[in-house]
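Step one of this worksheet: look at the structure below.
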Amino acid sequence: MSTRTLISPAQLARPRGKVLYWVCFALVVVLFTLAFLGPLYWMVSGGLKTTQEAVQTPPTWVPGSVHPENYQRAWEVMDLAKLLMNTLYYAFGALAFQLVLDVAAAYSLSKLRPVLGKAILGLMLATLMIPATVLVVPQYLTVLDVPIVERNLLNSPWAIWLPSVTNAFNIFLLKRFFDSIPKELLDAAAMDGAGSLRVLWSIVLPVSRPILGVVSIFAVVGVWKDFLWPMLVLPDPSKQTLAVGIYSLATSVPENVLIASLTIASLPTLLLFLAFQRNIMSGLTAGGLKG
Amino acid sequence: MSAPILTKDPVVKDRRPRRPRAGAPHLPGGEFGKNLRRNITAHGFLIGAVLCFAFFSWYPIVREFLLAFQKTEDGRVSWVGWDNFVTVWNDPAFGQAWRNTLWFTVLALILGFVVPFVTALIINEFRHGQGYLRLLVYLPVMLPPTASVLLFKYLYDPGYGMFNEILGVFGVPAQQWLQDPDTAMLSVVVASTWMNMGGATLIYLAALQSVPGELYEAAELDGAGLLRKVWHVTVPQTRLILLLMLLMQIIATMQVFIEPFLLTGGAGPEGSTTTIVYLIYQYAFNFNNYGAAAALGLLLLVLLAGFSAAYTRLNRAEQD
């Protein structure tokens, strides 16, 4: 913490500087807390209000009477248990597919170096240059009728899982990490008679835990946050994710119940963040600029 | 910060032929056979991801180009040349959508680019509580956008919304926010900035930590004030990151969809929040006109391709 920043330490050391520093610090802490926790406080407390209080003018800062049963109502009326289970199923399925297929691909490209490997990696990275939204229409048509196998994946979890593998940034991130694992380590294992799979499992994966953690968290959060794609490919209400389900039920439930359901939908990723904030933040900056 | 993920492979390539494994059968064909086997294994590891890319990325990219020049009627596909582009061009919403998208991009650059940078500058100055402040700023990024957008819809409500209540404290008259064509887009951008600024702020913070302190000292000797130090030292020193983030921000904001879609139903009052991607969505999923949607998508792609190419080149230059 001794790095020199904009304001000189000499200035800060003076009495006036010290006072100014603490005043600014207090102001910023209060302001940031209001700006970023304020809406969240409003969400949690809004879910505790009566329906009348939730839509009254002027709004109230503190609920006049506390109604935790709104949360229970939201849970039952909107069938949040079902939506939550769906989302978990899609998120962890996508995680499994990404971990297995993207790690295998990155390992192959980094360490096994097959013929045409460079070209394949180039084609994968090229997809990063295509704006994602442009691909939504042709991707949707593909899911309606997958060529060659001629399957319709609408309303099936495969429509979430398989496209999630096409994350060129993941492959790039994993490959860069695998590149930094010394070749001698792998050669030594190969000399002892370990096959490629064995080397991946017993040497590469254990040393890659930090990057695997980052990729995993982003895979789960990605599915949790996605909206447009699951809305398009999961039209059946009983198959929807939390984010889409809440949107489609938003107009049919009272405000306080809806706000309670927003809190419930936000909770899992918030908890995940609080538990893994170190990994998430370091992964974000270490992983370059794609945030 | 953490493991040296982006450092380059320090290992010198050695082309020394590997000794055959003890007990390995000596295949006829020798080197060639071994190479073949190695390649089969390597491609075996690759095949899953490659198939996914082929079906859900590469094929759709090709299909996008084909669709733009095709029309599908009663399941019959015919080539129509530039007709789809003409249709899109003549749509009165076309001009408005471009203007709105550009307006959103400009607003989002002013807010979404400057606010995170200034936030990072402020956080970086404090010797206390940096962890807490960083946590706060990144918190909204973890919320599902549906939740934050619907939350903002309540905060913006002209009647029971919190924003008018807060403005009232300062004596500012109540605003219509999302219902007023003049403020609708700005309201969308404010919500979008709140939701997304965390990632950029953390990246700027990391970049600020690499600015050598001596440069500030030298600037002070020359009598530079705070703003001049930011402009003549901080900005040039973080130039590459700033440029990269600017490009990424342009690419991302030109594709904005969920915020206007959920906040104002997509079009907004008098079409004031219709964006290009919302128009694509409408053509494809409300009018079933995939050709027109693809044509519009191609126009967006062409426009953004330049920014993407610049981003990729710079990013590679930065990492090497």
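Observations
- In this simple spin-label model, placing a label point 7 Å from the Cα along the Cα-to-Cβ direction at both A:S252 and B:D182 gives a separation of 3.9 nm.
- The aspartates and glutamates whose alpha-carbon is closer than 12 Å to the alpha-carbon of A:K183, local same-chain residues fewer than 8 away aside, are B:D9, B:D14.
- For A:K49, a cut-off of 19 angstrom between C-alpha atoms picks up these aspartates and glutamates, skipping any fewer than 8 places away in its own chain: A:E69, A:E76, A:E255, B:D157, B:E165.
- Averaged over B:240-251, number of beta-carbon atoms from partner chains that fall within 10 Å: 1
- Accessible area per residue in Å² at 1.4 Å probe, computed on the protein assembly as shown: 47 Å²
- The simple Förster model, with R0 at 22 Å and r as the Cβ-Cβ distance, assigns B:L66 and A:L154 a FRET efficiency of 0.55.
- Put A:L101, A:L83 in order of accessible area, highest first, and with a 1.4 Å probe you get A:L101, A:L83.
- At least 20 Å along the helix axis (C-alpha) and Kyte average at least -0.5, DSSP helices within chain B: B:30-53, B:92-125, B:181-208, B:239-253, B:290-319
- Portion, in percent, of the accessible area of chain B that falls on carbon or sulfur, probe 1.4 Å: 63 percent
- With the simple model of a label 7 Å out from the Cα in the direction of the Cβ, B:V118 to A:T60 spans 3.6 nm.
- Overall form of chain A per C-alpha gyration tensor (a/c, 1.5; a/b vs b/c): oblate
- 10 Å Cβ neighbours from other chains, averaged over peptide A:26-39: 4
- Inter-chain Cβ neighbour average for residues B:134-141, partner chain, 10 Å: 6
- Here the accessible area is traced with a 1.4 Å probe on the protein chains. For region A:9-66, carbon and sulfur cover 77 percent of it.
- Proximal aspartates and glutamates relative to A:K18, as straight alpha-carbon distance under 14 Å, when same-chain residues fewer than 8 apart are discounted: B:E125
- In the A-B interface, the accessible area buried, summed over both sides, Å² (probe 1.4 Å): 10800 Å²
- Distance cut-off 27 Å, percentage of C-alpha pairs in region A:1-123 lying past it: 63 percent
- Close amide H pairs (under 5 Å, H built 1.01 Å from N) link B:G161 with no residue at least 5 positions away or on another chain.
- Separation of the alpha carbons by more than 21 angstrom is noted, of A:K239/B:K153; A:K82/B:K153; A:K111/B:K34, for A:K239/B:K153; A:K82/B:K153.
- Projected area averaged over orientations for region B:100-273, convex hull of C-alpha atoms, nm²: 11.6 nm²
The values are calculated or read from the model by the stated rules, or taken from the named source; none is laboratory data. In this text the structure is predicted, and so the values were computed from the model without any measurement. We place every Cβ from the backbone using ideal geometry, glycine too, and count neighbours over all the protein chains shown. In case anyone asks, the SASA skips ligands and DNA or RNA and just uses the protein heavy atoms, side chains included. Shrake-Rupley method; radii C 1.70, N 1.55, O 1.52, S 1.80 Å.
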